[in-house]
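Step one of this worksheet: look at the structure below.
The values are calculated or read from the model by the stated rules, or taken from the named source; none is laboratory data. In this text the structure is predicted, and so the values were computed from the model without any measurement. With ideal geometry, Cβ positions are generated from the backbone for all residues, glycine too; neighbour counts draw on all protein chains shown.
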């Protein structure tokens, strides 16, 4: 068992519209973070996780998560699974919780301009 206190969370600003709190653990198979998204992220194009799946729980807010050929509208209380390799962008004002498996790390998260 491992406890990660709120005070141990590390803040990352992916952009001025996407802020994330990462909760560090010693487990490389899964991790946890929370995020606040206010607008479009990334600003243009898409992002993709090359190695990690994200399971998004919408704590508050709504709007959409977009792929090239699909728009997923969501609301508070919904869950969204983003598989590894899926290109997407947010157009939202929301607070989310995100466990990732395997554990998320920055080098596998790519921004794709299109």
* Within region 50-70, track down each residue that is under 22 Å from residue 112 (Cα atoms), without any contact (Cβ under 8 Å) to a residue 60 or more places away in the chain, surrounded by fewer than 17 Cβ atoms within 10 Å (Cβ to Cβ) and in contact with a strand residue (DSSP E or B) (Cβ under 7 Å, 6 or more places away or on another chain). => 55, 64, 67
* Asked: Is it the case that residue 11 is part of a strand (DSSP E or B), surrounded by fewer than 17 Cβ atoms within 10 Å (Cβ to Cβ) and out of contact with any helix residue (DSSP H, G or I) (no Cβ under 7 Å at 6 or more places or on another chain)?
  -> yes
* Structure fact -> Note on region 88-114: residues surrounded by fewer than 17 Cβ atoms within 10 Å (Cβ to Cβ) and not in a strand (DSSP E or B) are 102, 105, 106, 107, 108, 113, 114
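Does region 28-43 contain at least one residue that is touching a helix residue (DSSP H, G or I) at 6+ places or on another chain (Cβ under 9 Å), within 19 Å of residue 88 (Cβ to Cβ) and exposed (fewer than 14 other Cβ atoms within 10 Å of the Cβ)?
no
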* Does region 14-22 contain at least one residue that is modelled with pLDDT under 95, surrounded by fewer than 16 Cβ atoms within 10 Å (Cβ to Cβ) and assigned to a strand (DSSP E or B)? -> yes
* Is it fair to say residue 80 is in contact with a strand residue (DSSP E or B) (Cβ under 9 Å, 6 or more places away or on another chain), crowded, with 16+ Cβ neighbours inside 10 Å, part of a strand (DSSP E or B) and modelled with pLDDT of 95 or more? -> no
